[in-house]
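Please treat every number below as a calculation from the coordinates, not as lab data. For clarity, every value in this text was computed on a predicted model and none was experimentally measured. So basically every Cβ, Gly included, is an ideal-geometry build from the backbone, and we count neighbours across all protein chains shown.
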Amino acid sequence: MARSKRIVGLAELCKGYDTVLDIGTDHGLVLKSAFEKGYIKQAIATDLRDMPLQSAKNNLKNYPVNFIISDGFLALREPFDVAIIAGMGAHLINDILDHRPYGTYDLILQANDKVHLLRRYLMDHGLKITDEWVIHDHFYYVIIKATQGVMQLTDDDILVGPMLKTKPEAQAFYHHKLKLIDKIMKTADEVKLEELVRLRQAYNDVIIC
Ligand SMILES: C[S@@+](CC[C@H](N)C(=O)[O-])C[C@H]1O[C@@H](n2cnc3c(N)ncnc32)[C@H](O)[C@@H]1O
């Protein structure tokens, strides 16, 4: 099966970790890609539902993976070095993070929407962003790496990304965002327009080319 750039990108970020926990693994393709490339030694694949976990079992049958039905971290007892939570909405990722266990591990997070809500959650819950990337694969996907720690973000950084704004590859993403905003502005009411003007300014401020 062809791997999307998003899946390959998430798998690459597992490099160097011993035990990877993939929450909401679905088909298990992120882990499969990480195993195939030799990036990881073992994994824990969890999903809320049995059907997706069965599909992960089929795709990962030759690898050392512990499969667990779990709502987020709730049924998890095993140690891990990094947790991936990807391909879901920001609200759901934040809900899952509400029940993260105490410990020293990294997080690789990819929200399909409202990435700013995820950044704000991290700041408000003792987590700090250590890196960010954007991958263009039909849509733009922002990936955030985070760990325990304190960070203070400005409102603008919550919108554009404190690390992402330093990346040359983010420029195309910001231009894309500006185009979208300009389109929505044409039909926005007064309240929405005010929000869009602020958003537009935040993206405009980080565009350098
Ligand atoms: C769209 S798929 C994303 C699959 C994969 N993580 C990826 O990025 O390609 C979302 C998966 O998350 C699972 N899921 C939704 N809520 C969950 C929760 N609270 N805990 C664990 N898994 C959940 C769904 O069953 C589904 O298999």
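See the values below:
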item	result
Evaluation of K57 against (1) basic (K, R); (2) more than 12 Å from the ligand (Cβ to nearest atom); (3) surrounded by 14 or more Cβ atoms within 10 Å (Cβ to Cβ); (4) within 23 Å of I135 (Cα to Cα) (one fails), failing number	(4)
Within region 123-167, tally of residues that are in a strand (DSSP E or B) and of a type in the set (A, V, I, L, M, F, W, C)	10
Leading residue by the ranking (nearest to the ligand (Cβ to nearest atom)) among those in region 30-54 that are out of contact with any Leu (no Cβ under 9 Å at 6 or more places or on another chain) and of a type in the set (A, V, I, L, M)	L48
Residues of region 182-209 that turn out to be outside any helix (DSSP H, G or I) and among the polar types (S, T, N, Q), as a count	1
